[in-house]
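Input: a single structure, listed below in structure tokens.
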Amino acid sequence: MNESHAACPMTVSVVIPVYNEAGTLPTLLAKVLSRPETTEVILVDDASTDGSGDYLRTLDGEPRIRILFHAKNQGKGAALRTGFAAAVCDIVLIQDADLEYDPDDYPALLTPIFEGKADVVYGSRFLGGPHRVLYFWHSVANRMLTLLSNMLNDINLSDMEVCYKAFRREVLQKIRIQCDRFGVEPELTAKVAKMRLRIYEVPVSYYGRTYDEGKKIGWRDGLAALWWIIRFGLYPR
């Protein structure tokens, strides 16, 4: 381990679910690996059809990189379930593959855990970090879903649906992910809330994409998230 990694008080597994992100993967992976906090990167290809899997196969054997493949597309939750099970480091951090989130925010996300203040850290796109200005109604829906999640789970997050979440690995070992798709965000939130863990929230930057640029989440996912918030808020187990 080089000096930059040795300086980090704990090891970090970065789990990246991948589905049809061939255009962003090389840049994203270079940024993730450039961060001194990154100990290992686990990429889970969820049966991509755009060549993402072919690119990932060229990285087989590269230092700090592990690649796992799904035979059929299952969704983000399923990819995270696979990645979490493979992680071996002290901390597990979720990273999307689409360049909407910047790995330069890793220090902010990890410091509360490094310092022993937190068990789980959420990023937030609404606490003052730089962000691309895009869809008004997406923002409204996000805030409404977060509000309902907060009410049912008795917490005060500002951005429940954010990608950037970091966990002590022993926390994830106590959670069985049931949602295969984007419902994994409210599911994780409900389950860590019910465990009465120390949850911190920090501002992160956000460079959102338009649908023409490849954004995947839509209104059906919002309705599904509403169901999962109610489902896990009332019956977390």
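Just a few scattered comments:
- The one condition in (1) in contact with a helix residue (DSSP H, G or I) (Cβ under 8 Å, 6 or more places away or on another chain); (2) crowded, with 20+ Cβ neighbours inside 10 Å that Phe126 fails to fulfil: (2)
- Counted residues, the stretch 56-74 - those being open to solvent by 30 Å² or more (accessible area, probe 1.4 Å) and touching a Phe, Trp or Tyr at 6+ places or on another chain (Cβ under 9 Å): 2
- Sole exception among (1) assigned to a loop (DSSP other than H, G, I, E, B); (2) at pLDDT 95 or above; (3) in contact with a Phe, Trp or Tyr (Cβ under 9 Å, 6 or more places away or on another chain); (4) open to solvent by 20 Å² or more (accessible area, probe 1.4 Å) for Leu99, by number: (2)
- Sole residue being assigned to a helix (DSSP H, G or I), crowded, with 17+ Cβ neighbours inside 10 Å, modelled with pLDDT of 95 or more and over 14 Å from the mean Cα position of the chain (by Cα), chosen from Gly83, Gly53, Gly77: Gly53
- Among the residues making up the stretch 17-32, those that are more than 11 Å from Gln95 (Cβ to Cβ) and assigned to a helix (DSSP H, G or I) are Leu25, Pro26, Thr27, Ala30.
- Test: residue in the stretch 132-139 that is in contact with a Leu (Cβ under 6 Å, 6 or more places away or on another chain) and either of a type in the set (Phe, Trp, Tyr) or open to solvent by less than 20 Å² (accessible area, probe 1.4 Å) (or both): no
- Lys215 meets all of the listed conditions (1) at pLDDT 80 or above; (2) farther than 26 Å from Gly116 by Cα but one, namely (1).
- Test: residue in the stretch 78-87 that is β-branched (Val, Ile, Thr) and farther than 28 Å from Arg196 by Cα: no
- Selected residue (criterion: farthest from Trp228 (Cα to Cα)) from residues of the stretch 163-197 that are β-branched (Val, Ile, Thr) and surrounded by fewer than 22 Cβ atoms within 10 Å (Cβ to Cβ): Val171
- Subset of the stretch 14-50 that is open to solvent by 40 Å² or more (accessible area, probe 1.4 Å) and of a type in the set (Ser, Thr, Tyr) - its residue that is farthest from Asp105 (Cα to Cα): Thr49
- Check on Asp104, closer than 23 Å to Thr27 by Cα, modelled with pLDDT under 95 and of a type in the set (Asp, Glu): no
The values are calculated or read from the model by the stated rules, or taken from the named source; none is laboratory data. Here the structure is a predicted model, which means the values were calculated and not measured. Neighbour counts are summed over all protein chains in view; Cβ atoms, including those assigned to glycine, are modelled from backbone coordinates with ideal geometry. The area values use the complete protein model at the heavy-atom level, side chains included, leaving out ligands, DNA and RNA. Shrake-Rupley method; radii C 1.70, N 1.55, O 1.52, S 1.80 Å.
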